[in-house]
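These notes are about the structure you will find just below.
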Amino acid sequence: MKKNKSTRITLWIFIGLVLGILCGLFMPGRYEWALPFIELVSSLYMNALRMMIYPLVFCSLIVGIKGIGSVSKTGKIGLQTVLFFVGTTLFASLLGLFLPEALGLGKGVEIQMMETTVEATRFTSLLDTVKNLIPANPIASFVNGDMLQVLVFAIIVGITCLALKEKAAPFVKVVEAVNDISIKIISVVMYFTPIGVFCSISSVMYANGLDTILALGGVLLALYITFVLYVLIVYGLVVVRGMGKYPVGQFFRKVLPAALNAFGTCSSSATLPISKRCADDMEVPNEISSLALPLGATINMDAVSILMSFMIVFFANACGVEVTLGMMITVMLSNTLLSIGCPGVPGGAIACFAALSTIAGLPAGIMGVYISINTLCDMGATCCNVLGDVACAVAMKNTCKLDKKPAK
């Protein structure tokens, strides 16, 4: 019954996605009056997901750490997760630089540039991020939506609960109750996901239009082919099958709801509750998924690295800027650092690209062109990132053996 219900929801999400694309591309002018209503429904759906992101992340992380039973095991899971994401991000950035240069993308292309006032992300912000990992005001972290600070605060509280043992039991019971409430609310929101995805994707397609899609169709096609190959080979064969010993076909079938939601909403953070549910369907222990998935939504930006590197090479070739080996190494390392701090929300990659384009010596006017296609690129990148989050959790189910004996 549960499997049939999940299959039906996935089918309806896919139908909503296809209908939303068609509606956004071919909506006649006389139906523009419906656009505000579509955007309203999209906003309501996104807000319903975001409403439970931070309570779910905070509570599930504490429950997961408490369930692990020891500080050493918590550190083991956290270290494996961080090493996994940093390693794959470096590889993704290198792939994103090599492929477009090898294919000669952008050479002979004329770009009409527009002026823009996008502020670039500075490298000092990475140091500031590390410096501000421990929140001076945890409540403000929730209010401001600082996921890294929320994660660190939850880890500190969870480890403290482990140390206090029975003394922390009343608090842990409250957290478990809030966690159950959050999961129940997300389960209800899931039934409205097809409508939310339909409205989100149709407004995106309407805003960009068919002309924009066709004008940059070549580079977008190459980018999406790269995403697909990366997902199938790296996540599917290497991570899920090789490391996780899990059937690849079954993985992609069960993770489809999260992938479609990420594609339609362009937000890995908003997809986090659905990713957690998909991981549960694959019997990933809560101790692993509650730590790996929130970390993944925050620091796993493999597809953003591919996207950034891809676009830097494309625009460099189009603008006549020489792509040297030194430039490629600088962009790869800088891209890795910036992508880790890239927020998992729609448009989060724009500021990162502004920084990388400055480092690569590209004209400032290319930002206007990039912004016009950012959402179209971001849809595939977010989908890829979410698949990577869940793939990591599935792999760690096999690589990070947990002792199920209760802690003393």
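Is the stretch 380-391 home to any residue that is at pLDDT below 85 and touching a helix residue (DSSP H, G or I) at 6+ places or on another chain (Cβ under 7 Å)? The answer is no, given that none of the residues of the stretch 380-391 is at pLDDT below 85 and touching a helix residue (DSSP H, G or I) at 6+ places or on another chain (Cβ under 7 Å). Asn208 meets the conditions (1) under 20 Å from Ser268 (Cα atoms); (2) modelled with pLDDT under 85 in every case but one. The failed one is (1). Leu256 meets each of the listed conditions (1) touching a Ser or Thr at 6+ places or on another chain (Cβ under 7 Å); (2) farther than 23 Å from Leu19 by Cβ; (3) open to solvent by 10 Å² or more (accessible area, probe 1.4 Å) apart from (2). Within this structure, Leu223 fails the test of being modelled with pLDDT under 75 and either crowded, with 21+ Cβ neighbours inside 10 Å or more than 21 Å from Pro257 (Cα to Cα) (or both). Taking the stretch 52-154 as the region of interest, the helices (runs of 4 or more DSSP H) fully inside it that hold 2 or more residues being modelled with pLDDT under 80 are 71-103, 124-131. Put simply, of Ser268, Ser309, Ser289 the only residue that is under 26 Å from Ile195 (Cβ atoms), buried (at least 24 other Cβ atoms within 10 Å of the Cβ) and touching a residue at least 60 places away in the same chain (Cβ under 8 Å) is Ser268.
Condition first: surrounded by 19 or more Cβ atoms within 10 Å (Cβ to Cβ) and within 24 Å of Phe58 (Cβ to Cβ). Can you find one or more residues in the stretch 173-181 that meet it? The answer is yes; a qualifying residue exists.
The values are calculated or read from the model by the stated rules, or taken from the named source; none is laboratory data. This is a predicted model, so every value here is computed, not measured. As a convention, Cβ positions derive from the backbone with ideal geometry for all residues, glycine included, and neighbour counts pool all protein chains shown. Accessible surface is based on the protein model in full, side chains and every heavy atom, while ligands, DNA and RNA are left aside. Shrake-Rupley method; radii C 1.70, N 1.55, O 1.52, S 1.80 Å.
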